Amino acid sequence: MEDDSRPLLSSEQTGEDYLQRDSTNSLDLRTKRPFHVERKNIINDGPQETVSAEAAVLNSRLHYYSRLMGSSDRQLSPPDHVIPQPDEIYIYSPLGTAFKVPGSDHTSKNPSIITIFAIWNTMMGTSILSMPWGIKQAGFTLGVFIVIFIGLLMLYCCYIVLKSPKSISCVDTSDWEFPDVCQYYFGKVGQWSSLMFSMVSLVGAMVVYWVLMSNFLFNTGQFIYNHVHNINVSDSELETNGSEKVICPYPNTNPGGNNTISTLFLSDNGNVSDVNPFERYWSKTNTVPFYLIILLLPLLCFRSASFFARFTFLGTISVVYLIVLVTVKAVRLGFHLEFHWFDKTEFYVPEFRLLFPQLTGVLTLAFFIHNCIITLMKNNKDQKNNVRDLSVAYLLVGLTYLYVGVLIFAAFPSPPLFKDCIQPNFLDNFPSSDIMVFVARTFLLFQMITVYPLLGYLVRVQMMGQLFGNHYPSFLHVLILNILIVGAGVLVATFYPNIGSIIRFSGAICGLALVFVFPALVHMITLRRQGMLRWKTAISHSLLILLGVANLAAQFFM
């Protein structure tokens with residue numbers, strides 16, 4: 001039994017042993033004998049209690065070679081290509097559970113710099129487009145302070161999440177994520193509530209993606225149509241007259257309100273009903289959101305999302321290009337700032353505004369990585385540097401948000417335009433004829449088309465796994481789920497295309513549980529079990545929970 005419990009490769013055996021097959025030192029043939037379990041004898045109690053078909057085939061192949069080998073015949077021993085790599089070795093229990101054998105090498109681990117930028121790239125999402133709008137809603141001075149404060153607060157809560165599995169000593173938590181920790185402490189309530197709030201963040205992101213993809217596809221098509229037909233469009237909205245045009249799509253905007261595109265602007269001949277066929281069938285809210293269904297609904301039904309995962313590098317390219325775009329626009333436009341601390345003027349907003357909870361809601365989603373931070377940090381080579389690397393990553397994310405938000409806000413030309421014209425998607429403040437903005441929209445459109453199926457795959461895996469115990473129960477189940485998700489995106493893109501409000505509500509809802517309530521409660525329960533809970537800690541973390549509740553409640557009054 002001692003020999004049968006060994007993994008597929010002995011830990012004492014190195015790669016040099018394979019190169020010395022013909023040496024006089026004989027190999028112990030038993031070191032290559034797997035602990036084999038026939039697939040028909042594996043108990044199938046759940047989706048995680050079954051050895052995969054690929055693993056079963058590998059075991060059968062090794063079992064076949066082991067039957068061919070004699071006690072001294074080495075010519076029929078398993079060839080090297082049949083033996084799995086060290087990082088692919090599993091031990092299979094009779095119940096069907098596959099335990100991965102930790103390798104002695106660290107080739108699969110990432111250095112700190114890779115881990116830092118992986119966190120940075122994961123957090124950089126659509127919230128970066130709303131950062132100038134959020135700073136405008138809070139006021140310039142208060143907005144900068146809130147970005148720093150919320151960033152530090154989210155970093156502390158993320159630190160609690162990162163160390164939470166280590167405080168559980170009676171259970172193996174090596175493959176746990178924070179929802180598993182919530183289930184351990186709060187049972188079914190923690191399991192389902194963490195799942196529900198995680199779904200809010202994912203579905204909210206997919207809805208925002210649909211609105212932005214409709215926006216980018218519309219403007220990209222408009223640019224191509226005008227260029228092909230040699231049409232020189234003069235935007236009907238308020239705009240600057242310089243070489244770097246900036247527009248104000250909603251000149252009658254209500255600060256903090258959810259405005260829609262004004263229909264009071266007349267065309268050049270003054271006839272509102274004179275609309276060409278292209279404008280009739282190429283509308284940002286009436287037609288383009290429906291065109292996306294033809295492309296994206298079939299992609300959501302793919303059984304695997306591995307193909308789309310290859311294009312995740314486009315996210316980094318898009319963010320880098322946005323930073324370059326913001327820098328170029330700021331240099332060409334210059335800074336336009338006046339400080340009015342509490343009183344609003346015609347062109348400027350006060351430094352402190354009561355609409356600041358809109359920014360806190362956006363930032364809660366912008367800094368949100370708590371539901372996957374444990375997995376990201378497991379791949380860090382130096383585990384003792386996890387806290388340092390996490391802090392550096394949050395610092396880079398905060399600086400990126402501040403850089404984009406502050407530069408766009410400061411460079412927005414006031415006068416002639418007023419700061420309240422800054423849109424929830426700051427690219428809407430540039431005309432469709434702007435070539436640099438056209439490139440940015442095209443990059444972001446292609447990136448979102450590849451990321452959207454990945455988000456849908458995560459929703460499907462979590463929801464179907466919990467409800468049916470299978471990530472792909474049937475095509476009909478998956479199709480119904482995808483239709484509901486796509487339908488939500490189409491409805492919002494048609495009737496309420498305000499990504500600022502969608503982001504702040506999604507951030508406040510999912511942040512309430514996964515950022516404020518559960519981390520604070522887990523931390524206090526852990527300290528209490530260790531006999532180290534003090535009243536100052538209890539009060540401060542109770543205030544943290546109240547802050548999350550207030551953040552969500554305030555969104556309904558903005």
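Where residues in the stretch 352-367 are among the aliphatic types (A, V, I, L, M) and open to solvent by less than 10 Å² (accessible area, probe 1.4 Å), which of them is nearest to the chain's Cα centre (by Cα)? Filtering the stretch 352-367 for residues that are among the aliphatic types (A, V, I, L, M) and open to solvent by less than 10 Å² (accessible area, probe 1.4 Å), the one nearest to the chain's Cα centre (by Cα) comes out as ALA366.
Just one of the listed residues (VAL349, VAL362) is assigned to a loop (DSSP other than H, G, I, E, B) and under 19 Å from VAL406 (Cβ atoms), namely VAL349. Of the set (1) open to solvent by less than 10 Å² (accessible area, probe 1.4 Å); (2) among the polar types (S, T, N, Q); (3) free of Cβ contacts under 8 Å to residues at least 24 places away in the same chain, all apply to SER540 but (1). When every residue of the stretch 195-204 is checked against the conditions, none turns out to be in contact with a Lys or Arg (Cβ under 7 Å, 6 or more places away or on another chain), open to solvent by less than 70 Å² (accessible area, probe 1.4 Å), within 30 Å of VAL439 (Cα to Cα) and in contact (Cβ under 8 Å) with a residue 60 or more places away in the chain. The set of residues in the stretch 368-411 that are open to solvent by 30 Å² or more (accessible area, probe 1.4 Å), outside any helix (DSSP H, G or I) and either more than 22 Å from LEU202 (Cα to Cα) or among the acidic types (Asp, Glu) (or both) comprises ASN379, LYS381, ASP382. From the list VAL437, VAL490, exactly one residue is touching a Phe, Trp or Tyr at 6+ places or on another chain (Cβ under 8 Å), of a type in the set (A, V, I, L, M, F, W, C), under 22 Å from PHE302 (Cβ atoms) and modelled with pLDDT of 90 or more. Which is it? Answer to the check: VAL490.
All of (1) touching a His at 6+ places or on another chain (Cβ under 7 Å); (2) closer than 26 Å to PHE290 by Cα; (3) in contact (Cβ under 8 Å) with a residue 24 or more places away in the chain hold for LEU514 with one exception: (2).
Quickly run through the stretch 157-185 and pick out the residues that are surrounded by 13 or more Cβ atoms within 10 Å (Cβ to Cβ), without any contact (Cβ under 8 Å) to a residue 40 or more places away in the chain and assigned to a helix (DSSP H, G or I). Selection gives LYS163, ASP180, GLN183, TYR184.
PRO497 passes every criterion in (1) in contact with a Ser or Thr (Cβ under 9 Å, 6 or more places away or on another chain); (2) touching a residue at least 12 places away in the same chain (Cβ under 8 Å); (3) not in a loop (DSSP other than H, G, I, E, B) apart from (3).
Do you know which residues across the stretch 99-120 are crowded, with 16+ Cβ neighbours inside 10 Å, at pLDDT 85 or above and among the aliphatic types (A, V, I, L, M)? Correct list: ILE116, ILE119.
Residues of the stretch 432-483 that are among the polar types (S, T, N, Q) and out of contact with any helix residue (DSSP H, G or I) (no Cβ under 8 Å at 6 or more places or on another chain): SER474 alone.
One line per residue, one yes/no per condition, for (1) among the β-branched types (Val, Ile, Thr); (2) touching a residue at least 12 places away in the same chain (Cβ under 8 Å); (3) open to solvent by 40 Å² or more (accessible area, probe 1.4 Å):
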| site | (1), (2), (3) |
| --- | --- |
| PRO413 | no, yes, no |
| LEU417 | no, yes, no |
| CYS421 | no, yes, no |
| PRO431 | no, yes, no |
| PHE438 | no, yes, yes |
| VAL461 | yes, no, no |
| MET464 | no, yes, no |
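The set of residues from the stretch 150-180 being at pLDDT below 90, over 18 Å from the mean Cα position of the chain (by Cα) and farther than 16 Å from HIS541 by Cβ comprises PRO165, LYS166, ILE168, SER169, CYS170, VAL171, ASP172, THR173, SER174, ASP175, TRP176, ASP180.
To keep it simple, each residue is scored yes or no on (1) of a type in the set (Val, Ile, Thr); (2) under 26 Å from PHE347 (Cβ atoms); (3) assigned to a helix (DSSP H, G or I); (4) within 23 Å of the chain's Cα centre (by Cα).
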position	(1), (2), (3), (4)
PRO416	no, yes, no, no
ASP420	no, yes, yes, no
THR442	yes, no, yes, yes
LEU445	no, no, yes, yes
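Hey, does the stretch 280-300 have a residue that's within 29 Å of VAL486 (Cα to Cα) and at pLDDT below 80? Scanning the stretch 280-300 turns up no residue that is within 29 Å of VAL486 (Cα to Cα) and at pLDDT below 80.
The values are calculated or read from the model by the stated rules, or taken from the named source; none is laboratory data. All values reported here derive from a predicted model rather than from experimental measurement. Don't worry about glycine lacking a Cβ; one is built from the backbone with ideal geometry, like all the others, and counts go over all protein chains shown. Just so you know, the surface numbers come from the protein's heavy atoms only, side chains and all, with ligands and any DNA or RNA stripped out. Shrake-Rupley method; radii C 1.70, N 1.55, O 1.52, S 1.80 Å.
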